[in-house]
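The values are calculated or read from the model by the stated rules, or taken from the named source; none is laboratory data. All values reported here derive from a predicted model rather than from experimental measurement. A quick note on method: Cβ atoms are made from the backbone with ideal geometry, for glycine too, and the neighbour counts reach across all protein chains shown. With ligands, DNA and RNA removed, areas are computed over all heavy atoms of the protein, side chains included. Shrake-Rupley method; radii C 1.70, N 1.55, O 1.52, S 1.80 Å.
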Amino acid sequence: MVRRFSTAAPENAKAILGEKLKFPSGKTAQNRFLKAALTEMLSTFEPSKPELNGIPTQQIINAYDKWGNGKFGVILTGNVQVSPVHLEAPGNAIIFKEGETSARREAFKNWAKVIKQDGALAVAQLSHGGRQTPITVNKTPFSASDVQLAKEVRFIGFGKPIPLTVEQIKTEVIDRFVYAAKYAYETGFDGVQLHGAHGYLLAQFTSPTTNKRTDKYGGSVANRQRIILEIYEAIRKEIPASTGFLVGLKTNSVEFQTEGTTVDDAVEMCRAYEKIGFDFVELSGGTYEQLAFQHIRDSTRQREAFFLEFAEKIRPVFKNTVVYLTGGFRTVNAMVEAVTSGATQGIGLGRPITAEPDLPKKILFGSVSSAVYDALDQNNFSVSLLASNTQIEQMGRNSLKEANNEVTYGLSDFSDEETVKRFGKAIEGFIELTKTQASQGVAIPAVITFEGVKV
Ligand SMILES: Cc1cc2nc3c(=O)[nH]c(=O)nc-3n(C[C@H](O)[C@H](O)[C@H](O)COP(=O)(O)O)c2cc1C
């Protein structure tokens, strides 16, 4: 029996969270829930044959077979890369013209199809790793400027980046995002979300910590966000809003860094996103240098959502663009409060829905009033990240039918302390493996295969 937070849901929870959200370009989400992007690292990865990398596997299809029956309004994919040599991690899905094959197209079509089974809108999150590409994947990645990320993630560092020329901003970034957006459109997705948060390439442009440019892409807020607006316009030239295809953005509300994007910057940028016509903006925060997927300030702890106080400042800017807030939501109470207080319209969920892929369905049915209360260290994002990726891998081992129509079939219960202890041991083994691989310069997907149901 899984443990949960002991709170009762307010009377109006089902009515409020079940409300539809209409996007400016015409489509409607069936309720307020958003499956946040969660990198799967389950696509093909063969270092010697890069053109075959990034094809979504049956494991991904199986995992989304579960979320696609969880009654979300919108389901985002994990970050899909637009450049084969700029990844967030090995095993990312990739869309790139050099890798065009019928197998890739078929896989993306199947992916969109399973997502939409119970009425969710399927949205592909498009990203470019920029300087946050592991050095094992690319020693000289592109970025806005040559500011190197002086940090290791799982014992792997990051190369000194090469600043993109103005010409390359067009050919290596804008054109690639447009190609991927068109591909998503053609393969049946309802939209795309540009990943402009968490320190990836687009955030490298918007943040003064990483953007030292003196041309039209650097300096003022308007210049730093120019690349995002240009990508938006270039996508809309190919796929106009009249098609109903959604174009959204994930952006940082704050970065908690001395020179980082401030909430005032975010307000100014969001004004431009509203004006140009983005369908939705999902508010998040933090970078690799300053992770923020836990409570940085005590003031937000009670209200759960990590970025709530920043969302409250940004929210008034939006009139047509739909706002989602992601990070920290665990109880129905807090979700309803965030909506009724006007801080957000949509509720993004990440880690809770790897433990329970049908959490929105249960909330809307009234059978639960919170997420699973896991026994993992809540102040250690790396551990909860690994746990979530393990659960995604477990979701991927069988289709919903093979799982006797039970979406939680074979998922580790991290509310159980004994399971958490065993997982701790698995992490130790994984750390050893990762260290060895890193010392040999080999990149591997950061997914721990752990217990669950064997296939
Ligand atoms: C396993 C895992 C993978 C993630 N991958 C992505 C990603 O691909 N793109 C992204 O924008 N955010 C990613 N995130 C961040 C989540 O979308 C979300 O913003 C964060 O987990 C906070 O929400 P939560 O508290 O509900 O988990 C990831 C988080 C986790 C735990």
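Tabulated data for the structure shown
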read-out	value
Sulfur and carbon atoms: percent of accessible area, the chain [1.4 Å]	52
Simple spin-label estimate for residue 276 and residue 238 in nanometres, 7 Å along Cα-Cβ	1.6
222 nm mean residue ellipticity, helices alone, for the chain (DSSP H n ≥ 4; -39,500 (n - 2.57); rounded to 500)	-9500 deg cm²/dmol
At least 18 Å along the helix axis (C-alpha) and Kyte average at least 0.0, DSSP helices within the chain	381-395
Pairwise FRET efficiency - residue 449 versus residue 146, Cβ, R0 = 45 Å, nearest 0.05	0.75
Sites residue 186 and residue 401, calculated FRET efficiency, Cβ-Cβ separation with R0 30 Å, nearest 0.05	0.60
Inter-site label distance for residue 1 and residue 153 at 7 Å from Cα along Cβ, in nm	4.0
Average accessible surface area per residue within the chain, 1.4 Å rolling probe, Å²	38
Spacing of the two label points (7 Å from each Cα toward its C-beta) at residue 160 and residue 215, in nm	2.0
Straight-distance crosslink candidates among lysines, where the alpha carbon sits under 16 Å from residue 71 and sequence neighbours closer than 8 are dropped	14, 20, 35, 113, 116, 361, 362
Accessible-area order (highest first, 1.4 angstrom probe) of the listed residues 5, 158	5, 158
With DNA, RNA and ligands ignored, accessible area of residue 409 (1.4 Å probe; Å², nearest 10)	60
Dipole in debye (nearest 20) - segment 13-378, about Cα centre, beta carbon charges: Lys, Arg +1; Asp, Glu -1	580
For segment 1-73, with +1 on Lys and Arg beta carbons and -1 on Asp and Glu, the positive-most of 68, 1, 43 along the dipole	1
Cα shape, segment 56-156, gyration tensor, a/c 1.5 rule	prolate
